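The values are calculated or read from the model by the stated rules, or taken from the named source; none is laboratory data. Values in this document were obtained by computation on a predicted structure and should not be read as measured data. When we count neighbours, we look across all protein chains shown, and the Cβ atoms used for this are built from the backbone with ideal geometry, even at glycine.
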Amino acid sequence: MPAWSGIRHKLETEYLAPSLRGHIQYFVTTYSKSPDHEGRAAIRYNGKEIIKGNYWNQYVKAHLFPKDDTYERRMHEGFPFIDNTALELGVFDQRCFYQAFDEFENQNIDKSLV
């Protein structure tokens with residue numbers, strides 16, 4: 001996995017439409033002084049965070065999860081289960097961001113377009 005600066009460069013230049021360059025910024029941090037080294041991730045549009053998440057939200061907002069088929073999976077996976085609900089509640093962290101980037105970068109373009 002490349003360093004964060006390399007990932008960010010790819011996301012903000014190579015994988016971003018020219019009309020959005022300079023408007024979309026990706027942010028990821030790991031709190032190194034935190035005992036568990038957790039962190040947060042965000043996507044900003046013109047400086048405003050439009051998608052943001054952190055590890056802590058998985059527990060703080062657990063009562064807001066719909067009790068559907070994904071509930072148990074959401075509560076017990078090492079990486080939070082990411083879907084529209086998770087994005088809306090901010091229930092993902094920097095590890096999920098890295099995992100999603102790795103998956104995206106290593107799959108063929110047809111699968112990415114789907």
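Structure notes:
- Residue check, Val28 in contact (Cβ under 8 Å) with a residue 12 or more places away in the chain, of a type outside the set (Ser, Thr, Tyr) and in a loop (DSSP other than H, G, I, E, B): no
- Entry remark, the range 35-58: residues being within 16 Å of Gln99 (Cα to Cα) and either out of contact with any Phe, Trp or Tyr (no Cβ under 8 Å at 6 or more places or on another chain) or not in a loop (DSSP other than H, G, I, E, B) (or both) number 9 in total.
- Checked against (1) assigned to a helix (DSSP H, G or I); (2) buried (at least 17 other Cβ atoms within 10 Å of the Cβ), Glu88 passes all but a single condition, namely (2).
- Of all residues making up the range 29-74, the number that are basic (Lys, Arg) and surrounded by 13 or more Cβ atoms within 10 Å (Cβ to Cβ): 5
- Every residue from the range 84-111 that is within 18 Å of Arg8 (Cα to Cα) and among the small types (Gly, Ala, Ser): Ala100
- Within the range 59-85, the set of residues being in a helix (DSSP H, G or I) and in contact (Cβ under 8 Å) with a residue 24 or more places away in the chain comprises just one member, Leu64.
- Within the range 91-114, if we keep just the residues that are touching a helix residue (DSSP H, G or I) at 6+ places or on another chain (Cβ under 7 Å) and surrounded by fewer than 17 Cβ atoms within 10 Å (Cβ to Cβ), the residue that is modelled with the highest pLDDT turns out to be Phe104.
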